[in-house]
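The block underneath contains the structure these notes are about, expressed in structure tokens.
The values are calculated or read from the model by the stated rules, or taken from the named source; none is laboratory data. Predicted model, so just to flag it, every value in this text is computed and none were measured. Note that each Cβ is placed from the backbone with ideal geometry, even for glycine, and that neighbours are counted across all protein chains shown.
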């Protein structure tokens, strides 16, 4: 099969690049490893500083990507290998079986209701709730097609019997697809910092210590409990603490970089909590607030004025009390530098972003270089921001460094126009 | 108004703490420190003062002396700036600052310290060579037949006077920098906190036990008590010689005390040597030469003191006399430099804690009255 561009990653950066290129008339193949496109943005509650609903912005993009005549979307698929082929590339893609016939499934969720297996962890709700072994990833998923988690499936056949469209197909096998493309865009995004790596904060050990992605889910329109509950006893949180810079600007965990978004998403969440739980106290423990974008500083000041407390001092450790409340120990730098211990009933760790260096392994023969922080290296950062060490391979979004959503979309624009320029140049040379 | 010394940080960096400029003042070190208190919070404030060059704030507080460098701040510092290393560097710097006539500079400089240690040891050896008795008692070990009591007595007197002069002068300097006139502390209040500090901070070192690594606490205690024990054994031995008789049966007491204390001191100093050589914990990964000299001298003092008593016990004349001679050289080095080298912390620390404890007690009383 022939395409013009292979876009690796179906998050906001990948979708934006694909749409730009599709609109320009190029044939695009977008490969996403999860069962739905949308990436992390679709799972968010709102975006800062406008407090626009994240899914209201990203669902149109998802639909446009999925239905664009020039874009082919492959979900639940992974690019296994990219090799040079003239000025273009030859790519091998592994399509993992969903055990559901994608064209037949209507997304009615009858299978979900029929499935007897309760899986403890719903990855799209960041483990706040469970799911079934056959499931629709999340309500706005595109394609809205069920997928069977075969590791947890007991092969009872209940879903098969319940499915009105006869879409369940246990005979599916992994499929390898080979394509020729003229250019590649890497939009593999970021990983959330696994907060277990900061054992002093007790994530995974203390029930009421959650990460900010979980809080975003608790605040999202499609939130699991329809309010902000703390995990240990389902009590509505009254006194919430944010620990900023968890896993960012921290050499002890090997990540000296600022993640650029944690200050702002924490401030955003603080405002949303004031709306969701009007009586709750919210305290942010920060080192310094980096509100650098248009309207960000104003948003921060507004949040302060709304009554959210900001305390300067990095939290050094968290201890749990018997009732599930947590004691935070920190130095109150702006009030005489006294060491303080303060109790909160829910602690949110504002986790940072980590790179996805695994992507380099799919490039054979030529090396996709990484920078000092294991993000994809921009070989000409100032003048040609999307260029990588491989000619014809471009990078978009957080794959080359932490950024917020507006910057991610900007970088996707850069990657798609640089890919266009590359393809036009190589076409003329032929 | 505070006076700013723009060269302060550079000077401190020469004493260790090379990475401290990486600090972004997040406060993690202070919050994680088990010894930092509400009144005296460190190390972040010390870092801040160092960066700004506000030397007086550092020298006039007890914080430096409250730190035991358990290393939790250094282990968890998000900038890997080694705050504990700065505390140690500041102590080295402070010992130099308090030193009368800047003598401590000699022992904290690179080449000058080598020359000084070698010179002092040669002086001690020369003294022994000149004053020793070439025909000691070879039938039954008697160290005093090798080096006479008179020589030890007078040399000890001179040494003691020199040390006392410098120690007292330097403690007065420290006192003046920590003393606050406006506190109006009564003699009784000084007296009360004096015993508190002497027992809790000097004799049992209670706060050290709040560090997570208990082995270091026991080793430090062993250093202190081993040294004190040997010191006492020496005094008793001479006291019995002087006041009773050289052949008194009571000499069993200093002998046993000497052997036990020697072993205890060996354990303490050996533990620290082992950690600094083989276990690269945050507190042991960097050692200033002043650290090495101090621990090695302690170790050698313990070793030779122990061997001396052992050889006396089993009656081996020449080994005993050699051990005695080496012991005297080591102890000479250790004691003469006590006010200027790392040993000086043993006098500065209690004084700093005593003053600060007295003031904080007083403040509590004043608050209670108000």
Open item on the list: So, residue A:137, is that one in contact with a helix residue (DSSP H, G or I) (Cβ under 7 Å, 6 or more places away or on another chain), within 19 Å of residue A:75 (Cβ to Cβ) and either part of a loop (DSSP other than H, G, I, E, B) or in the same structural domain as residue A:71 (by TED's automatic domain parsing) (or both) or not?
Closed with: yes
Task: Where residue A:245 falls short, out of the listed (1) part of a strand (DSSP E or B); (2) more than 14 Å from every other protein chain (Cβ to nearest Cβ) - done: (2)
Task: Residue count for segment A:311-327, restricted to those that are touching a helix residue (DSSP H, G or I) at 6+ places or on another chain (Cβ under 8 Å) and more than 8 Å from every other protein chain (Cβ to nearest Cβ) - done: 1
Open item on the list: For the structure I just gave you, tell me whether residue A:338 is within 14 Å of chain B (Cβ to nearest Cβ), at pLDDT 95 or above and within 17 Å of residue B:33 (Cβ to Cβ).
Closed with: no
TODO: Would you point out the residue of segment B:58-81, among those that are within 11 Å of chain A (Cβ to nearest Cβ) and outside any helix (DSSP H, G or I), that is nearest to the chain's Cα centre (by Cα)?
DONE: B:81
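Residue check: is residue B:91 touching a residue at least 24 places away in the same chain (Cβ under 8 Å), more than 14 Å from every other protein chain (Cβ to nearest Cβ) and either part of a loop (DSSP other than H, G, I, E, B) or within 23 Å of residue B:177 (Cα to Cα) (or both)?
Yes.
Of all residues in segment B:46-57, how many are surrounded by 22 or more Cβ atoms within 10 Å (Cβ to Cβ) and either farther than 27 Å from residue B:213 by Cβ or within 14 Å of chain A (Cβ to nearest Cβ) (or both)? Let's see the steps before the verdict.
Keep residues of segment B:46-57 that are surrounded by 22 or more Cβ atoms within 10 Å (Cβ to Cβ), which gives B:46-47, B:49-50, B:55.
This time we only want the ones that are either farther than 27 Å from residue B:213 by Cβ or within 14 Å of chain A (Cβ to nearest Cβ) (or both), so: B:46-47, B:49, B:55.
Of the residues in segment B:46-57, 4 are surrounded by 22 or more Cβ atoms within 10 Å (Cβ to Cβ) and either farther than 27 Å from residue B:213 by Cβ or within 14 Å of chain A (Cβ to nearest Cβ) (or both).
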Task: Single residue of segment A:286-295 satisfying the filter (under 24 Å from the mean Cα position of the chain (by Cα) and surrounded by 15 or more Cβ atoms within 10 Å (Cβ to Cβ)) that is farthest from the other protein chains (Cβ to nearest Cβ) - done: A:293
Open item on the list: Quick test of your reading of the structure: residue B:78 fulfils all but one of (1) farther than 17 Å from residue B:288 by Cβ; (2) out of contact with any strand residue (DSSP E or B) (no Cβ under 7 Å at 6 or more places or on another chain); (3) buried (at least 23 other Cβ atoms within 10 Å of the Cβ). Name the failing condition by number.
Closed with: (2)
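So, residue B:43, is that one surrounded by fewer than 23 Cβ atoms within 10 Å (Cβ to Cβ), closer than 27 Å to residue B:217 by Cβ and within 12 Å of another protein chain (Cβ to nearest Cβ) or not? If you could, list the steps in order and put the result at the bottom.
Numbers: surrounded by fewer than 23 Cβ atoms within 10 Å (Cβ to Cβ): no; closer than 27 Å to residue B:217 by Cβ: yes; within 12 Å of another protein chain (Cβ to nearest Cβ): yes.
So residue B:43 does not fit the description; no.
What strands (runs of 3 or more DSSP E) completely inside segment A:1-81 contain at least 2 residues that are under 21 Å from residue A:362 (Cβ atoms), out of contact with any strand residue (DSSP E or B) (no Cβ under 8 Å at 6 or more places or on another chain) and without any contact (Cβ under 8 Å) to a residue 12 or more places away in the chain? Spell out the reasoning first.
Values: elements: A:5-8, A:28-31, A:71-74.
It comes to none.
Mind checking which residues of segment A:226-242 are assigned to a loop (DSSP other than H, G, I, E, B) and in contact (Cβ under 8 Å) with a residue 40 or more places away in the chain?
Kept after step one, since they are assigned to a loop (DSSP other than H, G, I, E, B), are these residues of segment A:226-242: A:226-228, A:230-235, A:237-238.
Within segment A:226-242, A:227, A:228, A:230, A:231, A:232, A:233, A:235, A:237, A:238 qualify.
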- [ ] Could you run through segment B:35-47 and say how many residues are touching a residue at least 24 places away in the same chain (Cβ under 8 Å) and outside any loop (DSSP other than H, G, I, E, B)?
- [x] 3
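Report yes if some residue within segment A:383-398 is under 21 Å from residue A:253 (Cβ atoms) and either at pLDDT below 95 or more than 14 Å from chain B (Cβ to nearest Cβ) (or both); otherwise report no. Outline the logic, then answer.
Filtering segment A:383-398 for residues under 21 Å from residue A:253 (Cβ atoms) gives A:398.
Now narrow it down to the ones that are either at pLDDT below 95 or more than 14 Å from chain B (Cβ to nearest Cβ) (or both): A:398.
Yes, segment A:383-398 has at least one match.
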- [ ] Could you list all residues from segment A:266-283 that are buried (at least 24 other Cβ atoms within 10 Å of the Cβ), in contact (Cβ under 8 Å) with a residue 60 or more places away in the chain and in contact with a helix residue (DSSP H, G or I) (Cβ under 6 Å, 6 or more places away or on another chain)?
- [x] A:267, A:269
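Anything in segment A:281-294 that is over 26 Å from residue B:23 (Cβ atoms) and either modelled with pLDDT of 95 or more or not assigned by TED's automatic domain parsing to the domain that holds residue A:258 (or both)? List them, or say none.
From segment A:281-294, those over 26 Å from residue B:23 (Cβ atoms) are A:281-282, A:293-294; that's our starting set.
Residues satisfying the conditions are A:281, A:282.
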Task: segment B:289-314 residues that are in the same structural domain as residue B:330 (by TED's automatic domain parsing), paired with ones that are outside any helix (DSSP H, G or I) (beta carbon under 7 Å, 6 or more apart) - done: B:290/B:341; B:293/B:341; B:294/B:341; B:311/B:141; B:312/B:141
Open item on the list: Return the residues of segment A:173-201 that are surrounded by 15 or more Cβ atoms within 10 Å (Cβ to Cβ), away from chain B (no Cβ under 14 Å) and outside any strand (DSSP E or B); say none if nothing qualifies.
Closed with: A:182, A:187, A:188, A:189, A:190, A:195
- [ ] Specify the residue that is nearest to the chain's Cα centre (by Cα); the eligible residues are those in segment A:202-234 that are loosely packed, with under 15 Cβ neighbours inside 10 Å and at positive phi.
- [x] A:204
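So, restricting to strands (runs of 3 or more DSSP E) that lie completely within segment A:304-407, which ones have at least 3 residues that are in the same structural domain as residue A:254 (by TED's automatic domain parsing)? I'd like the intermediate steps shown before the answer.
Numbers: elements: A:309-312, A:317-320, A:326-332, A:338-344, A:346-351, A:393-395.
Of the strands (runs of 3 or more DSSP E) lying wholly inside segment A:304-407, those with at least 3 residues that are in the same structural domain as residue A:254 (by TED's automatic domain parsing) span A:309-312, A:317-320, A:326-332, A:338-344, A:346-351.
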TODO: State which residue is farthest from the other protein chains (Cβ to nearest Cβ) when the search covers only segment B:1-34 and only residues that are buried (at least 19 other Cβ atoms within 10 Å of the Cβ) and part of a loop (DSSP other than H, G, I, E, B).
DONE: B:15
- [ ] Test residue B:109 against the stated conditions and say whether it is away from every other protein chain (no Cβ under 14 Å) and surrounded by 20 or more Cβ atoms within 10 Å (Cβ to Cβ).
- [x] no
